[in-house]
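Data block below; observations after.
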Protein chains: 2
Amino acid sequence: MRITYRGDYALKTILDLALHYHNSPVTIHNLALRADIPIKFLEQILLDLKKGGFVESRRGKIGGYMLAKPPSKIKLGQIIRFMDGEISPIACVDNNYKRCSHISKCAFRSIWQKVADSTSRIVDNITFEDLVKKNKNLTSKFTYQI
Amino acid sequence: MRITYRGDYALKTILDLALHYHNSPVTIHNLALRADIPIKFLEQILLDLKKGGFVESRRGKIGGYMLAKPPSKIKLGQIIRFMDGEISPIACVDNNYKRCSHISKCAFRSIWQKVADSTSRIVDNITFEDLVKKNKNLTSKFTYQI
DNA sequence: ATAATCTCTATCATAATAGTAGAGTATAAG
DNA sequence: CTTATACTCTACTATTATGATAGAGATTAT
């Protein structure tokens, strides 16, 4: 797994929306500003997140973005997989990988599988509700806001 | 961490050399053939591995490559780091990363650190001696050789 | 001498990544 | 019913990493 800027920006944006879950929609402008993301790049990311069913939008005045489901129902792993692809260190342990001619024979494969499993166990065990709580702790200590 | 072909090829090559540790040097030709690696690409990889102190070479007839140290002294993680860089899902948890302005404040950083740690724990706990043993088991079952 | 083998440097093609640009569409408010 | 605000959509672009390929040179056993 490698987290790209796309993925990183998506995660920060979802967290921002989670922090404003019960408020009015958040504009792309504000999301971009707070997380220091190029606005036109974020536009594309948000459209993808919308297609993925993670966020909803409203146009026009008082428009903006909001989460499509509660923060407790969105796991880190879901966003990572959606934006950056499979959680594995190498393609041969991806789901749907068919081309490796000696899957059962390669001494490395089980190791890559182990790495993929341990990573998944971490990112699939954290929801954005958890991160909201964590962030509020951090914020109170360090006056940081996203 | 993402394993590239360069890294993958290097790992397979080191394992091949480990399997022939007490024999005469192995030629690039044979290494490339057995692991199905483009020979000119493997040449470069081997020169790098030599610079890294992992392998030694002999030129001329009866030339070839051999490990510079016993398989028990080479860990998977060493080769991965040398060929593909740091074991972390994102740059902000790399050693020597200086630019992140709010390291202590980002809700994600400790998660990436956890992922890096759990991955390191796996790949730094396996030597090529372990893989040699494992491969011999696999080989006896499936008649596979590398 | 020569054949086999490693050594070194340069070059190249493709794809992924990280954006940028600009015209279009919907909506709240006056 | 116009206007300002904000999301939508498609196309384009620059840079870098990746995965090679090419060819001339150096070394060594026989």
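Listed values, structure above:
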read-out	value
Shape metrics for segment A:5-140, restricted to C-alpha atoms - Rg then Dmax, Å	17.6, 60
Extension reserve of the B:Ala35-B:Asn96 stretch, reckoned as 0.36 nm per residue once the Cα distance is removed	18.5 nm
Accessible area of chain A belonging to carbon and sulfur atoms, whole % at 1.4 Å probe	49 percent
Angle between chain B longest axis and helix B:5-19 axis [Cα atoms, degrees, rounded to 10]	50 degrees
Qualifying aspartates and glutamates (Cα of each under 15 Å from Cα of B:Lys69; at least 8 residues distant if same chain)	B:Asp16, B:Glu56, B:Glu129, B:Asp130
Computed E for A:Gln44/B:Tyr5 - FRET, C-beta separation, R0 41 angstrom, nearest 0.05	0.90
Acute angle (nearest 10 degrees) that the helix A:109-123 long axis makes with the longest principal axis of chain A, alpha-carbon atoms	20 degrees
Residue with peak Gaussian network fluctuation, chain A [Cα springs, cutoff 10 Å], from A:Thr119, A:Thr13, A:Thr127	A:Thr119
Accessible area in square angstrom per residue, segment A:5-140, 1.4 angstrom probe	53 Å²
Area buried, chain B against chain A - accessible surface, total, 1.4 angstrom probe, square angstrom	3100 Å²
Rounded to the nearest 20 debye, dipole of chain A from Cβ charges on Lys, Arg, Asp, Glu	120 debye
Over segment A:6-121, relative contact order from alpha-carbon pairs under 8 Å, at least 6 apart, %	25 percent
Selection from B:Pro38, B:Ala68, B:Pro89 lying farthest towards where the dipole of segment B:5-140 points positive, charges on Cβ	B:Ala68
Dipole moment magnitude, nearest 20 debye, the protein assembly as shown about Cα centre, only Lys, Arg, Asp, Glu C-beta charged	60 debye
Residues of segment A:1-50 buried by at least 40 Å² on assembly (accessible area, 1.4 Å probe, chain alone as reference)	A:Met1, A:Ile3
Of B:Lys40/B:Lys73; B:Lys61/B:Lys134; A:Lys61/A:Lys136; B:Lys40/B:Lys136; A:Lys12/A:Lys136; A:Lys133/B:Lys114, pairs whose Cα-Cα distance is over 26 Å	B:Lys40/B:Lys73; B:Lys61/B:Lys134; A:Lys61/A:Lys136; B:Lys40/B:Lys136
Nm distances between copies for B:Gly60, ranked from closest, using label points 7 Å along Cα→Cβ	8.7
Residues of segment A:111-130 buried by at least 40 Å² on assembly (accessible area, 1.4 Å probe, chain alone as reference)	A:Ile111, A:Trp112, A:Val115, A:Ile122
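The values are calculated or read from the model by the stated rules, or taken from the named source; none is laboratory data. None of the values given here were measured: they were computed from a predicted structure. Positions of Cβ are generated from backbone atoms using ideal geometry, with glycine treated the same way; all protein chains shown enter the neighbour counts. Side chains included, ligands, DNA and RNA excluded: accessible areas come from the protein's heavy atoms. Shrake-Rupley method; radii C 1.70, N 1.55, O 1.52, S 1.80 Å.
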